[in-house]
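Colleague: One structure is given below, represented as structure tokens, and several questions about it will come after.
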Amino acid sequence: MKRKSMKEYMDQKYLSKSTVVTVAGNFEVEKMKEQIEKLFGVKKNDKRKLPKQKTTEKQSSPQIRLVNKKTDQTHLVLGFRSIDMFDSKKYALSLLSTILGGGMSSRMFLNIREREGLTYYIHTSSELGRDAGVFVVQAGVAKENLEKAVKLILKEIKKITNKKVTAKELKKAKERLKGNVKIGLETVQSKAGFFGHQELFYGNVKSPEEVLAKYEKITAEDIQKVARYIFKNNKLNLAVVGPHKDEKELKKILNID
């Protein structure tokens with residue numbers, strides 16, 4: 001796809017700056033332009049914008065939410081308020097997530113699921129919005145293992161803030177992330193999403209190679225810095241769904257008075 005000519009088409013003739021249409025695959029550019037104009041065309045000077053209320057951060061202490069429900073296993077999400085999509089620390093954050101809970105070779109999978117046998121599943125993920133973000137650990141445990149699992153998750157988080165990751169871990173995380181990016185771009189739809197997301201939110205388009213080069217530059221020090229920035233007690237939240245009513249032990253673990 002000739003992204004440059006399509007970008008010029010979108011910016012200069014037909015669509016407002018708040019609208020992006022991405023097309024990938026085997027098509028004729030001129031015919032596609034006609035279809036886009038017909039379906040999505042707006043006046044060049046259209047100033048309409050969708051209103052968005054700015055996110056405000058007011059949390060000053062850890063929070064717990066218990067949902068008492070009769071389930072075969074307890075599901076927990078331990079989350080921290082994080083960075084937004086425009087923060088340069090996002091590359092280090094992705095590698096941090098990969099090392100902590102990104103697959104079967106991650107720390108939490110090996111130490112909590114395999115060695116301790118405490119969780120049915122455990123993984124980490126990071127969601128970045130325009131002016132806010134969240135980093136979460138998700139796990140499923142037997143109800144009697146809830147408190148112990150939370151303690152070990154927090155132990156792994158503390159460990160990665162206090163001690164830099166090894167060169168071997170960092171290399172493995174970069175290789176895994178690189179593979180995920182390449183696999184994630186195998187379909188036409190994923191290619192369209194990859195380029196469209198960049199154009200919509202950043203105003204410029206980087207190739208997969210340019211994005212991966214950002215990750216290659218990340219050091220162990222960068223990962224420790226973002227871990228220390230995010231993993232703070234006052235940014236911590238724990239949500240639990242399962243046969244639980246008493247918050248007492250969990251409050252004690254999270255240092256909540």
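What follows is calculated from the coordinates using simple rules that are stated; it is not laboratory data. Owing to the predicted nature of the structure, the values given are computational and were not obtained by experimental measurement. Glycine gets a Cβ as well: all are built from the backbone with ideal geometry, and neighbour counts include every protein chain shown.
Colleague: Once the other residues with Cβ under 13 Å from the Cβ of residue 60 are scored (Lys, Arg +1; Asp, Glu -1), what is the net sum? Could the numbers behind the result be given before it?
Modeller: Working: positive: 58, 81, 232, 235; negative: 57, 257.
Charge balance near residue 60 sits at +2.
Colleague: What fraction of the Cα pairs in segment 152-257, stated in percent, has a spacing above 25 angstrom?
Modeller: On the way: 2662 of 5565 pairs.
Cα-Cα pairs of segment 152-257 separated by over 25 Å account for 48 percent.
Colleague: Would you look at the GNM of the chain, springs on alpha carbons closer than 10 Å, and say which of 151, 31, 70 moves the most?
Modeller: Among 151, 31, 70, the largest mean-square fluctuation in the Gaussian network model of the chain belongs to 31.
Colleague: Which aspartates and glutamates does residue 191 reach when only Cα atoms under 14 Å apart count, and residues fewer than 8 places away in its own chain are ignored?
Modeller: 199, 209
Colleague: So, one more: Please sort through the DSSP H helices of the chain and keep those with an alpha-carbon extent of at least 15 Å along the long axis and a Kyte-Doolittle average not below -0.5. Don't jump to the answer; show the numbers that get you there.
Modeller: Values: long enough: 29-40 (16 Å, -0.71); 90-101 (16 Å, 1.13); 146-162 (24 Å, 0.01); 167-184 (25 Å, -1.07); 188-202 (21 Å, -0.15); 220-230 (16 Å, -0.31).
Flagged H segments are 90-101, 146-162, 188-202, 220-230.
Colleague: Calculate the all-directions average of the projected area of segment 63-253's alpha-carbon convex hull, and give it in nm². Write out the running numbers ahead of the final one.
Modeller: Working: hull surface 46.2 nm².
Averaged projected area of segment 63-253's Cα convex hull equals 11.5 nm².
Colleague: Label residue 189 and residue 211 with points 7 Å out from Cα along Cα→Cβ: what is the distance between them in nm?
Modeller: 1.7
Colleague: Here's another thing I want to ask about it. Per q in 0.11, 0.23 1/Å, what log10 I(q)/I(0) does a Debye calculation on the alpha-carbon atoms of segment 88-192 return?
Modeller: Results for segment 88-192 at q = 0.11, 0.23 Å⁻¹ read -0.39, -1.29.
Colleague: Hey, fewest Cβ within 10 Å first, where do 22, 55 land in order?
Modeller: 55, 22
Colleague: Follow-up question, since we're still on this one. List 87, 222, 72, 257 from most exposed to least, where exposure is judged by having the fewest other Cβ atoms within 10 Å.
Modeller: Starting with the residue having the fewest Cβ neighbours, the order is 257, 72, 87, 222.
Colleague: Let me ask something else about it. Taking the Cβ of residue 140 as the center, what net charge do the other residues with Cβ under 11 Å away carry, scoring Lys and Arg +1 and Asp and Glu -1? Provide the component values of the computation, followed by the final result.
Modeller: Details: positive: 113, 143; negative: 72.
Around residue 140, the charge tally is +1.
Colleague: Another question, then. Any idea which of 227, 23, 118 is furthest toward the positive side of the dipole for the chain, if Lys and Arg beta-carbons carry +1 and Asp and Glu beta-carbons -1?
Modeller: 227
Colleague: For each pair in 52/214; 143/252; 89/158; 168/206; 58/164; 151/251, compute the distance between the two Cα atoms and list the pairs where it is over 23 Å. Kindly include the intermediate steps, with their values, before the conclusion.
Modeller: Numbers: 52/214 30 Å; 143/252 18 Å; 89/158 19 Å; 168/206 28 Å; 58/164 30 Å; 151/251 11 Å.
Correct reply: 52/214; 168/206; 58/164.
Colleague: Going by amide H atoms built from the backbone, whose H comes under 5 Å of the H on residue 218, apart from near neighbours?
Modeller: Amide H to amide H, under 5 Å and 5 or more residues apart or across chains, residue 218 pairs with nothing.
Colleague: If you add up the charges near residue 216, with Lys and Arg at +1 and Asp and Glu at -1, over every other residue whose beta carbon is less than 12 angstrom from its beta carbon, what do you get? Display every interim value, and only then the final one.
Modeller: Working: positive: 171, 174, 178, 214, 217; negative: 175, 209, 210, 222.
In short, +1.
Colleague: Output the direction-averaged projected area (hull surface divided by four) of the convex hull of the alpha-carbon atoms of segment 52-107, in nm². Mind showing how you got there, number by number?
Modeller: Working: hull surface 27.5 nm².
Averaged projected area of segment 52-107's Cα convex hull equals 6.9 nm².
Colleague: So what's the convex hull volume per residue for the Cα atoms of segment 163-209, in Å³?
Modeller: Working: hull volume 4.4 nm³, N = 47.
Each residue corresponds to 94 Å³ of Cα convex hull volume.
Colleague: With θ taken as phi - 60° and the coefficients 6.51, -1.76 and 1.60, list the Karplus ³J(HN,Hα) couplings across segment 247-256 in order, rounded to whole Hz; mark glycine and proline as x.
Modeller: 8, 3, 5, 5, 4, 5, 5, 8, 6, 9
Colleague: Per-residue counts of other Cβ atoms within 10 Å, averaged by peptide: what ranking do you get for 125-135, 58-68, 163-173, highest first?
Modeller: Working: 125-135: 17.0, 58-68: 12.2, 163-173: 15.3.
Put in order of decreasing packing, that is 125-135, 163-173, 58-68.
Colleague: Checking the a/c ratio against 1.5 first, then a/b against b/c, what shape does the Cα gyration tensor give for segment 57-149? It would help to have the intermediate numbers written out before the result.
Modeller: Working: a/c = 2.74, a/b = 1.37, b/c = 2.00.
Since a/c reaches 1.5 but b/c is at least a/b, the shape of segment 57-149 is classed as oblate.
Colleague: Find which of 188, 82, 215 sits farthest along the positive direction of the dipole of the chain, computed with +1 on the beta-carbon of Lys and Arg, -1 on that of Asp and Glu, about the Cα centre.
Modeller: 82
Colleague: Tell me, what ³J(HN,Hα) does each residue in segment 66-75 have, in order and in whole Hz, if you take phi through Karplus 6.51 cos²θ - 1.76 cosθ + 1.60 with θ = phi - 60° and put x for Gly and Pro?
Modeller: 9, 10, 6, 8, 6, 10, 5, 9, 8, 10
Colleague: Taking the Cα centre as origin and putting +1 on Lys and Arg beta-carbons and -1 on Asp and Glu beta-carbons, what dipole magnitude results for segment 111-257, to the nearest 20 debye?
Modeller: On the way: 30 positive and 20 negative charges, 112 e Å.
That gives segment 111-257 a dipole magnitude of about 540 debye.
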